[in-house]
Every structure is written in C-alpha cells, then in structure tokens.
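A.B. asks: The structure under discussion is supplied below as structure tokens; questions concerning it will follow.
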Amino acid sequence: MVCLGNICRSPIAEGLLQQKADDNGMDITVDSCGTGGWHAGETPDPRSMSKMVEKGYDISHQRSRKIRDADFTEFDRIYCMDESNLADVKSIAKAHNAEEKVDLILNTQTYGSDFEVPDPYYGAADGFELVFNMLDQATNKIIDELKK
Ligand code: 4NP
C-alpha cells in the first residue's frame, strides 16, 4: 500500500487488509510505505489512528517508511492511492521489471476507471471518513479476489 507520506492513507489500507486477511485465515503479508520519506519512523497521523479506532482497528504499531527497491521483489501486488503515487512508483518499478504489479487501489473496485483516494492531510476531518470508506470497500474486494 503506497501513498505520499505513509502516515494518512496507506496505513489505513495496510491495517484494513492485514486485519481482514487474518480474520479470513489468509497467510499474507501486508505492508505500506510512502514515496516520500519525510515522516520515516513516525506513527500514523493521529487522525488516521483515531478513525481506525472508531471503526475497530488498531494501527498504532505501524511506522512510516519510504519505498525501497526490495519492495518490488518481496511483494506480489503494489497498490497506489493516487495518480501521483502511481507515476512515482511505476518509474521505480520499471528498473525492476515489476510494472505489472503496480496499480491504483481503486482499480480493484472499478477496473480501469483510475479513481483516486484523495489526500486528506491538509483537509477537514471528514476526509478521513471518506478515505476509510473507500479503502474499506477496496480491501473487501481484494479479499474476495484472493479467495477466488
Ligand atoms: P498520505 O498524506 O500520503 O496519505 O500519508 C500525506 C502525509 C504527509 C504529507 C503529505 C501527504 N506531507 O506533505 O508531509
């Protein structure tokens, strides 16, 4: 799960997918990172943590990190939150011949539509509710497809 700072959107996506995979007895590893490293080592944004607590998830153990080369070999799928993240990740993926692993996360939901998960960092608190709902649905879809 990749966003810009790895403190708002991708930590929510990681928390949701890992918990749902665990609940379904699926042995998969979920991680998240940012295309930027400004927040490396930090916990998720307090607004993401409290939104997740409100919905029954704990992501306080997560720590922000920047994307690294090993991600392109260690992970089978790389989900980006918006077009800017996608362009950045694809340019790195090229060097690893891993472009086919990379897509927008909402394309799991509505194939080929290229919808984005908006960055809630500078916005109002209800942006986190929107992000949660988008990622809740997207991760349900990922779980359904993994089951198949
Ligand atoms: P995220 O949100 O990409 O969803 O984690 C952001 C977090 C921090 C910044 C930008 C977006 N920032 O500029 O520090």
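The values are calculated or read from the model by the stated rules, or taken from the named source; none is laboratory data. Remember, predicted model here, so these are calculated numbers, not experimental data. Accessible surface is based on the protein model in full, side chains and every heavy atom, while ligands, DNA and RNA are left aside. Shrake-Rupley method; radii C 1.70, N 1.55, O 1.52, S 1.80 Å.
A.B. asks: Using a Gaussian network model of the chain with C-alpha springs under 10 Å, which one of LYS20, LYS55, LYS101 is most mobile by mean-square fluctuation?
C.D. replies: Answer for the Gaussian network model of the chain: LYS55.
A.B. asks: Same structure, new question: Pick out which of LEU104, LEU17, LEU130 has the largest mean-square fluctuation in a Gaussian network model of the chain, springs linking Cα atoms closer than 10 Å.
C.D. replies: Taking springs between Cα atoms under 10 Å, the residue moving most is LEU130.
A.B. asks: Compute the length gained on full extension between TYR122 and ASN140: take 0.36 nm times their separation in residues and subtract their Cα-Cα distance, giving the result in nm to one decimal.
C.D. replies: So the extension gain works out to 3.8 nm.
A.B. asks: Using a 1.4 angstrom probe on heavy atoms only, work out the carbon and sulfur share of the accessible area of the chain in %.
C.D. replies: That fraction is 48 percent.
A.B. asks: In square angstrom, what is the accessible area per residue of the chain with a 1.4 angstrom probe?
C.D. replies: Accessible surface, normalised per residue, equals 51 Å².
A.B. asks: Sticking with this one: If I build a Gaussian network model for the chain, linking alpha-carbon pairs within less than 10 angstrom, which residue out of ASP71, ASP136, ASP126 has the largest mean-square fluctuation?
C.D. replies: ASP126
A.B. asks: Another question, then. Heavy-atom accessible area of PHE115 with all protein chains present, probe 1.4 Å, nearest 10 Å²?
C.D. replies: Its heavy atoms expose roughly 120 Å² to the probe.
A.B. asks: What is the spread of the Cα atoms of the range 37-148 along each of their three principal axes, largest first, in whole Å?
C.D. replies: 39, 33, 26 Å, listed from the longest principal axis down.
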